[in-house]
Structures are given as structure tokens and as C-alpha cells.
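The values are calculated or read from the model by the stated rules, or taken from the named source; none is laboratory data. Computed from a prediction, not measured in an experiment: that's the story for all the values here. Virtual Cβ from ideal backbone geometry, glycine too; neighbours counted across all protein chains shown.
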Amino acid sequence: MNTSSALTRRDFTKTTLLAGAALASGALNALAADAPVKRIRTGLIGCGSVSNQYLPQLTKSPFVEVVSLCDIKPERAKRQAERFKVAHHYPHIDAMLAGEPFDFLVDTTDMQEHEKINRRALEAGKHVWSEKPIANSLAAGQKLLQLALKKKLRLWGAPITVQSPQFAFMAKQLAAGKLGRVAAAHADYGHEGPNWSSFFYEKGGGSLPDLAVYNLTSLTGLLGPVKRVSAMLSIVTPERDIREKGKIKVNEEDNAMMLLDHGKGIISHVQSGFNYFNPHGHDGSKETRHTISIVGSAGFMGMVGYDWAPLGVDFATHDHPKLERHVTDAQGYVWQQGAALAAECLVTGKELLATPEHALHVLEIITAARESSANGRRIALNSTFKWPIVS
């Protein structure tokens with residue numbers, strides 16, 4: 001397998017994101033129409049709500065053959081297997097790994113379980129796509145990546161916000177110096193908090209790995225790795241009513257504010273929480289304000305809508321001071337396609353712009369934010385990733 005080739009962003013958009021649009025409409029990929037395409041045998045573990053987002057993308061991809069599903073609630077695995085016409089389903093990862101052979105595991109389980117399951121899959125010789133986060137700590141995540149490299153396997157993690165054409169536009173303007181001396185950025189993402197599972201509020205959950213992870217990925221992708229983190233975290237709602245469980249105690253932050261030092265004088269701010277009323281609810285298509293904004297000495301950019309479902313970018317400079325909207329076409333990008341794109345990489349040797357090193361850097365920011373809030377200090381970071389993310 002060729003793991004060193006890298007697409008330019010323009011080529012990636014043409015061959016991958018536009019292909020995603022065709023797949024979403026039920027059309028065949030042009031490559032698939034011309035010649036037989038290898039399909040990577042894939043198993044998905046975690047048949048809860050997120051699987052409803054992933055499985056339509058996976059089962060439509062010409063590069064994927066979903067051969068098995070797994071869930072600790074066997075009825076969920078059975079239901080999804082029937083719905084998506086998957087031949088095999090299992091109640092536990094041990095049974096899954098011992099069952100129908102496959103090469104690529106997609107992990108959409110509760111976030112606290114990712115580290116353990118990802119390790120089991122890598123040890124069993126499977127490539128892994130993981131929902132966020134890849135692991136519960138930077139050290140554990142680095143060990144997973146080392147294990148993958150040792151066994152010549154691939155490991156990726158959500159989110160894929162750096163794959164959107166809106167991100168590409170913003171990165172291009174920054175690389176060209178259109179904003180002048182970049183000074184500051186702000187990003188925010190929140191809602192009123194889910195009530196369908198307790199893991200969001202349990203140890204290892206929280207608004208940082210569930211929500212802030214998107215903005216942290218986008219801002220570090222645009223502005224570069226973070227050098228130092230200062231943060232204040234809190235619990236606004238100490239108890240939550242959860243379906244099937246009733247009242248539970250909240251053990252991780254449901255409100256977070258972070259200051260990030262990217263070096264060269266650039267400071268960004270990220271806020272996230274489970275106590276944010278929004279008249280649009282959680283519908284990305286109706287969120288039209290700037291959820292990410294970047295300002296410099298010569299210009300301003302604002303991403304319209306959530307960075308996981310962006311609707312465009314508003315842009316103004318000294319030379320063109322009136323805000324103009326750009327990149328209103330998603331060009332096939334949807335946040336749910338990460339695992340399908342990773343499978344395409346396994347088959348074709350193409351590379352994603354989203355990398356495990358970037359995901360691990362974001363994980364270190366989350367860890368540092370919690371440490372900063374606990375002891376009132378600014379925390380220095382050690383990890384990094386390949387940047388800038390531009391063609």
C-alpha cells in the first residue's frame with residue numbers, strides 16, 4: 001500500500017469530495033463505472049445514533065464492503081444489520097474479531113471506550129477509523145499511533161473539518177497573507193446537551209471532547225499548533241435527566257472557555273458547552289452566524305454556520321472592505337464521510353488532509369485545558385502536526 005502519496009487540495013476536491021456528492025445521490029463513482037474497484041472489508045462497532053450517520057456513507061461507497069456490525073446491545077446491531085443489509089452482527093468485540101474476516105474497523109462507540117477498542121483492533125491487525133477522541137489521553141493516543149506504525153496499519157480520527165472547501169478557502173487566504181498580520185480568532189459551538197445517553201457527562205466525557213474538538217481542529221488547522229493553553233471550565237447543570245436512566249450526576253465540564261497561544265502573537269479563543277440555547281437547535285443548515293472568525297491587520301474572515309457543516313465564508317480586506325460571501329457550495333463535503341474517505345485511502349493510496357497527529361494535538365489541548373482549569377496555570381504543549389494544511 002502506498003502511504004506516502006499526497007493529493008493537492010484541488011485534486012482531492014475533484015476526486016473525493018465531488019465523488020461524495022455523487023455517492024450521496026446514489027450515482028456510481030466514475031472510476032467504479034470504468035473498472036472494478038477494490039472494496040475494503042469493513043466492520044463497524046457501536047450501533048447507536050452516530051452509526052445512523054456513518055452507515056449510509058459507508059454502504060454507498062464503492063470502496064467499502066460492510067461485512068459486520070457490533071454493539072453491546074445486540075438488538076441495536078441486529079436492527080442496523082437488517083436496515084443496511086449487513087450479513088453479520090455481534091454482541092461483543094471479541095466475537096466480532098473472531099467472526100467474519102475484515103480489514104478496517106470503524107469505531108462509533110461511546111467516547112470512553114475508543115482507546116480500548118482501537119487498541120484491540122490494531123492488535124488484531126485492523127486499520128482503524130475512530131470517532132473522537134482517538135484515546136483518553138495524549139500518551140495513550142501516541143502509543144496507539146506507534147502501534148499502528150509498527151504493524152504497518154492506518155489510524156485516523158474524527159473530526160474532518162479540515163476537509164471542507166470552506167476550510168480550504170480560509171487556509172488559502174491566510175497562506176497568501178490576505179489578512180495581514182493575523183492577531184486573533186474566536187470559535188464557539190454548543191447546544192442544550194443530549195439527553196439520550198449519560199456518557200457525555202461521565203468521566204472522560206464533557207463538552208471539550210464532544211463539542212470543542214471541532215473548533216480546536218479547525219483553528220489549529222488554520223492558525224497552526226498551539227504552544228500554550230489557559231482555560232476555565234465549569235459545571236453549570238450538576239444533574240441531568242437521561243432517557244432510560246433518569247437523573248444522573250454530571251462529572252465533566254458542561255461549560256468551557258479556552259485561550260490558545262499559537263505563537264507569533266496569535267491568540268485564539270474557543271468556547272463550548274451543553275447549556276447553550278440556540279433557536280435553531282442542532283440543525284447545521286439553519287445556523288447562519290459566524291461560528292469561527294479570524295481577524296488580522298488587513299482583513300477579516302468569518303465561517304458561516306458550524307465548521308462541521310459550513311455554509312460559506314464571509315471575507316473582507318482593506319482593498320475590498322465590504323463583506324462578501326464565498327464558497328457556498330459544499331462540493332460534496334459532509335462530516336459523516338470521514339470513514340468512507342479513509343477506506344478510499346486504503347484502496348487507492350490517496351491521503352486525507354486529516355491526520356492522526358493533528359487529532360492527537362487536539363487531544364493534548366483538551367488535556368491541557370483541564371489541567372489549566374484545575375490549577376490556574378498556563379500549560380505548555382509538546383505535540384505538533386504537519387502544518388500548514390494547504391495545497
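In table form, for the structure just shown:
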read-out: Candidates Glu357, Glu364, filtered to the one that is touching a residue at least 12 places away in the same chain (Cβ under 8 Å) and either closer than 19 Å to Leu233 by Cα or basic (Lys, Arg) (or both); value: Glu364
read-out: Qualifying positions in the range 124-143 - free of Cβ contacts under 8 Å to residues at least 60 places away in the same chain and either in contact with an Asp or Glu (Cβ under 6 Å, 6 or more places away or on another chain) or among the β-branched types (Val, Ile, Thr) (or both); value: Val128, Ser130, Ala140
read-out: Selection within the range 177-196 - in a loop (DSSP other than H, G, I, E, B) and either outside the structural domain of Ile292 (by TED's automatic domain parsing) or in contact with a strand residue (DSSP E or B) (Cβ under 7 Å, 6 or more places away or on another chain) (or both); value: Lys178, Leu179, Gly180, Arg181, Gly193, Asn195
read-out: Criterion: farther than 19 Å from Ile365 by Cα, among the aromatic types (Phe, Trp, Tyr), crowded, with 21+ Cβ neighbours inside 10 Å and touching a strand residue (DSSP E or B) at 6+ places or on another chain (Cβ under 7 Å) - qualifying residue of Tyr306, Tyr276; value: Tyr306
read-out: Count of the range 93-105 residues which are surrounded by 14 or more Cβ atoms within 10 Å (Cβ to Cβ) and part of a loop (DSSP other than H, G, I, E, B); value: 4
read-out: Lone unmet requirement of (1) among the small types (Gly, Ala, Ser); (2) touching a residue at least 24 places away in the same chain (Cβ under 8 Å); (3) within 21 Å of Leu208 (Cα to Cα) for Ala121; value: (3)
read-out: The range 294-324, residues that are touching a helix residue (DSSP H, G or I) at 6+ places or on another chain (Cβ under 9 Å) and either among the aliphatic types (A, V, I, L, M) or free of Cβ contacts under 8 Å to residues at least 60 places away in the same chain (or both); value: Ile294, Met301, Met303, Val304, Gly305, Ala309, Leu311, Val313
read-out: Subset of the range 106-157 that is aliphatic (A, V, I, L, M), in a loop (DSSP other than H, G, I, E, B) and out of contact with any strand residue (DSSP E or B) (no Cβ under 7 Å at 6 or more places or on another chain) - its residue that is surrounded by the fewest Cβ atoms within 10 Å (Cβ to Cβ); value: Ala124
read-out: Test: residue in the range 22-43 that is more than 18 Å from Leu341 (Cβ to Cβ) and modelled with pLDDT of 95 or more; value: no
read-out: Any hit, the range 213-223, residues being within 21 Å of the chain's Cα centre (by Cα), within 15 Å of His186 (Cβ to Cβ) and part of a strand (DSSP E or B); value: no
read-out: Output for the range 226-247, where each listed residue is in contact with a Lys or Arg (Cβ under 8 Å, 6 or more places away or on another chain) and exposed (fewer than 14 other Cβ atoms within 10 Å of the Cβ); value: Pro238, Glu239, Asp241, Lys247
read-out: Residues being in contact with a Gly (Cβ under 9 Å, 6 or more places away or on another chain) and either touching a residue at least 40 places away in the same chain (Cβ under 8 Å) or farther than 24 Å from Ala98 by Cβ (or both) - total across the range 62-73; value: 0
read-out: Residue among Ser218, Ser230 that alone is hydroxyl-bearing (Ser, Thr, Tyr) and out of contact with any Leu (no Cβ under 7 Å at 6 or more places or on another chain); value: Ser218
